[in-house]
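In what follows, a structure is listed as structure tokens, so that the remarks can point back to it.
Bear in mind these aren't lab numbers, they're just calculated from the coordinates by the rules spelled out. Note that the structure is a prediction, hence the values are computed from the model and not measured. Here the Cβ positions follow ideal geometry from the backbone for every residue, glycine too, while neighbour counts run over all protein chains shown.
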Amino acid sequence: MTLAPRAEGTRGARLEGVAARPGLPSSDRLQPSSISLPGGPSQSGPHVVPVPSLEALGVSVVLGGRQVLHDVSLSIGPGWTAIVGPNGAGKSTLLRTLVGLQAVQSGRVELAGRPWPHWSPRERARQVAWLAQQGEASGELTVREVVHLGRLPQLGLFATPGPEDEALVQAAMAQTECAAWQHRSLQALSGGERQRVLLARALAVDAPLLLLDEPTTHLDPPHQVALVRLLQRQARAGRAVASVLHDLSLALQADRLVVMAQGRVRAAGPRDDPSLHAALVEVFDGAIRIERLGAQWVVVPDLSPG
Amino acid sequence: MTTAALLAIPVSAERLRKRLAWQLALLGLLLALASLAAGSDGWSPAALWRLLSGPDAGLVIGQIRAPRTLGAWLVGALLGIAGAVAQGLFRNPLADPYLLGSASGATLGVVLVLGAGALTGHAVSLASADALTRIGLIGAAFAGSLGGVTLTLTLARGAMHTSRLLLAGVIVGVVLGAAGDMVTTVVPDALRGKQAFLLGSTGFLGWDSCAALAAGLLSTLPLAWRLSRALDALTLGEDSAISLGLALGKLRFLLVAALALATALAVSQAGLIAFVGLVAPHLVRRFAPAAHGYHVVASAAMGGTLLLGADVLARCLVAPQELPVGVLTAVLGGGYLLWLLHRRRLA
């Protein structure tokens, strides 16, 4: 059992500007600007957001008497980071800790060098948007009303949304293709449709950091592809995107991966790194194979005899 | 599609909300007239004519029926707000205003005053014309109701954890209920008054009651309405609401305060009226689903209309006798929920 890589190691592994590299499976039709779309509200130039770095420093978390995270250190910078690992590896807890929703036993999480407890709830919410795993949804809100909740960090409870807020909301809905049923009740939607609405809600925050827990849940293959494109677009626009992903083939589309097992970071590095692949196979007990298929990596269960 | 077209809310949802608002206003007005006309021998045109042509019209209508009518509506409205806030806060359509110990606290307060009165040789009765006695009982119910919720909040160590809050509410309900039972065991004379309080009644509402209730409505409704976006955010789950920058502990405390104040006022003036707080938000959701801003206000109007309607029925069904209105709301509300359950199973 190896020790978790210290902060220096993971920091060195952070790849900035990877998204701009040629050879990335990208579609040129997509605009670099994250929140602007054909026919939608125009925005001058690409979205320039100075992304503050989000760092976990020696974080340990105990939940219900069980230590879920052991001395985890890593940093989330610009680009798309996928967090992968077997069930119970602590991925969701790590994400919740990074967002500031989970109290830590020891260590700390800092944004731009300032620990979370020193940020006000609204300041924090303006910096980091978060999508819950299996996001719940009760009540009678329509799709549009739900996505508008993403403007709460900016507006607070009492301000009325202005035209810019409406534009951001419409753009977010357009990006996840849920604008067409924006007046329907969230309750009336299928699981995949609901997931897209909740994703739009996270996009509508318009935060420099976007942390998503299992965003592909319930999505069919076309919408999984659309999601990958969306995250790549967000990363290229300068945002820091981190997502927990079960689907390893999708995760290997990210700029950088963090491999977790048993509450520790086992490896972190760019997606093409052979040692990262080796670590990935190892944490999944050698039950997977990582193959090159054209420009992308695919991960399949290893069913070969012996 | 143009942006303008995208922005427009479809006519149907907006129309449903407007229609419900008009219906509630119209129904409320009609019921108010019916309530003003309904006398001790029920709803009889002849009796109404006799009254109107007699010398006591001003007294009977102005001092008895009018405050009772307005009071019944206000009590129902407060219960409607409390129900809508409770259901939003606990994200549970079965939550009702009495969930956090209001009912048991108020009952204990009333029983204590009744018991103390019996022990000191003063016959205290809910129907007493003695203003001091009335005020004593109302004060006891109000203090008991707020005390019950305060106890629940203390036990739950604030309003941060929903499940702890609900559990604490149940425990407080059981413990205060037992304490009340103990008092009535020692002082059986208090039992009759307690019974009347548990059944709920709008029969004793005067203009002073209306003033207190209206003040309560004017403070709790704007508060609940202002915080309705927090209830909206809570529909996505508590973690999502926190991730959106809401100071959930503080907001929940304010909402519990609004809920407790609305319930305490209603309970102290009219006893334990069952089911109005549970059913009113349900009916609003059914006829005009909407975000909490509209929902809270419409639930208030719905609650007022329901209780006023129940009160008119209670006076007319077995006239010249009068049913306790709480019994009627329990039967009607319970029946409605049963019907809803039955329909859902078929669907």
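Among rounded, prolate and oblate, which fits the range B:62-192 when a ≥ b ≥ c are the square roots of the eigenvalues of its C-alpha gyration tensor, a/c under 1.5 means rounded, and a/b larger than b/c means prolate? Don't skip to the end; give the middle numbers.
Values: a/c = 2.86, a/b = 1.30, b/c = 2.21.
Since a/c reaches 1.5 but b/c is at least a/b, the shape of the range B:62-192 is classed as oblate.
Suppose we keep just the alpha-carbon trace of the range B:165-272; what are its Rg and Dmax in angstrom?
Rg then Dmax for the range B:165-272, in Å: 18.2, 55.
Please list, ordered by chain and number, the residues whose modelled amide H lies under 5 Å from the amide H of A:ILE288; skip anything fewer than 5 residues away on the same chain.
A:ASP302
In whole Å, largest first, what are the principal axis extents of the Cα atoms in the range A:49-147?
Principal extents (Cα only, largest first): 42, 33, 25 Å.
Over chain B, what relative contact order in percent results from Cα pairs under 8 Å that are six or more residues apart? Don't skip to the answer; put the middle values down first.
Details: 556 pairs, mean separation 108.7, N = 347.
Relative contact order comes out at 31 percent.
Counting Lys +1, Arg +1, Asp -1, Glu -1, what net charge surrounds B:ALA38 among other residues with beta carbon under 11 Å of its beta carbon? Don't skip to the answer; put the middle values down first.
Details: positive: B:ARG65, B:ARG68, B:ARG315; negative: B:ASP41, B:ASP311, B:GLU322.
Net charge in that neighbourhood comes out at 0.
Please report, ordered by residue number, every helix of chain B (full DSSP H runs) that is 24 Å or longer along its axis going by C-alpha atoms and whose mean Kyte-Doolittle hydropathy reaches 0.0.
Values: long enough: B:11-37 (38 Å, 0.95); B:66-89 (34 Å, 1.23); B:102-119 (25 Å, 1.73); B:131-155 (35 Å, 1.44); B:162-186 (36 Å, 1.59); B:207-226 (28 Å, 0.82); B:248-270 (32 Å, 1.59); B:292-316 (35 Å, 0.90); B:325-346 (31 Å, 0.90).
Qualifying helices, which must be both long enough and hydrophobic enough, are B:11-37, B:66-89, B:102-119, B:131-155, B:162-186, B:207-226, B:248-270, B:292-316, B:325-346.
Pop the C-beta distance of B:ALA116 and B:ALA178 into the FRET formula with R0 = 22 Å and round what comes out to the nearest 0.05.
Working: r = 19 Å, r/R0 = 0.85.
E between B:ALA116 and B:ALA178, to the nearest 0.05, is 0.75.
According to a simple spin-label model (label point 7 Å from Cα along Cα-to-Cβ), what is the distance in nm between A:ARG114 and A:ASP247?
Going by the 7 Å Cα→Cβ label model, 3.8 nm.
With viscosity set to 1.306 mPa s at 10 °C, what whole-number translational diffusion coefficient in µm²/s follows for the range A:124-253 from Stokes-Einstein and a Kirkwood radius over Cα pairs? Can you show the working numbers first?
Numbers: Rh = 14.7 Å.
After rounding, the answer is 108 µm²/s.
Just to be sure I understand: if I project the alpha-carbon convex hull of the range B:212-330 onto a plane and average over all orientations, what area do I get in nm²?
That works out to 8.1 nm².
Averaged over all directions, how much area does the convex hull of the C-alpha atoms of the range B:289-347 cover when projected, in nm²?
Numbers: hull surface 20.3 nm².
With the hull built on Cα positions only, its mean projection is 5.1 nm².
Taking only the C-alpha atoms, wrap a convex hull around the range A:185-306 and report its volume per residue in Å³ as a whole number. Write down the numbers at each step before the final one.
Values: hull volume 17.0 nm³, N = 122.
Once divided by residue count, the hull of the range A:185-306 is 140 Å³.
Which FRET efficiency value, to the nearest 0.05, do you get for A:ARG66 and A:ILE288 by plugging their Cβ-Cβ distance into 1/(1 + (r/R0)^6) with R0 = 25 Å?
On the way: r = 26 Å, r/R0 = 1.05.
Taking R0 as 25 Å, the efficiency between A:ARG66 and A:ILE288 is 0.45.
Taking the simple approach of a point 7 Å from Cα along Cα-to-Cβ for both A:ALA226 and A:ALA180, what is their distance in nm?
0.8
From the C-alpha coordinates alone, can you work out the Kirkwood hydrodynamic radius of the range A:180-220, in Å? Provide the component values of the computation, followed by the final result.
Numbers: mean 1/r = 0.0900 Å⁻¹.
For the range A:180-220, the Kirkwood estimate is 11.1 Å.
Return the long-range amide H neighbours of B:ASP96 (sequence gap of 5 or more, or a different chain), with a cut-off of under 5 Å between placed amide H atoms.
Under 5 Å from the amide H of B:ASP96 lies no amide H from a residue far enough along the sequence or on another chain.
Any chance you could list the semi-axes, whole Å, largest first, of the equivalent ellipsoid that the Cα gyration tensor gives for chain B, using √(5λ)?
Working: eigenvalues 227, 160, 55 Å².
Ellipsoid semi-axes (Å, largest first): 34, 28, 17.
Can you give the Rg to Rh ratio of the range B:174-225, both from alpha-carbon atoms, with Rh computed by the Kirkwood formula? Provide the component values of the computation, followed by the final result.
Numbers: Rg = 16.0 Å, Rh = 13.7 Å.
Dividing the radius of gyration by the Kirkwood radius yields 1.17.
Kirkwood Rh over alpha-carbon pairs of the protein assembly as shown, then Stokes-Einstein at 25 °C and 0.890 mPa s: what D in µm² s⁻¹, rounded to an integer?
Working: Rh = 27.8 Å.
D = 88 µm²/s.
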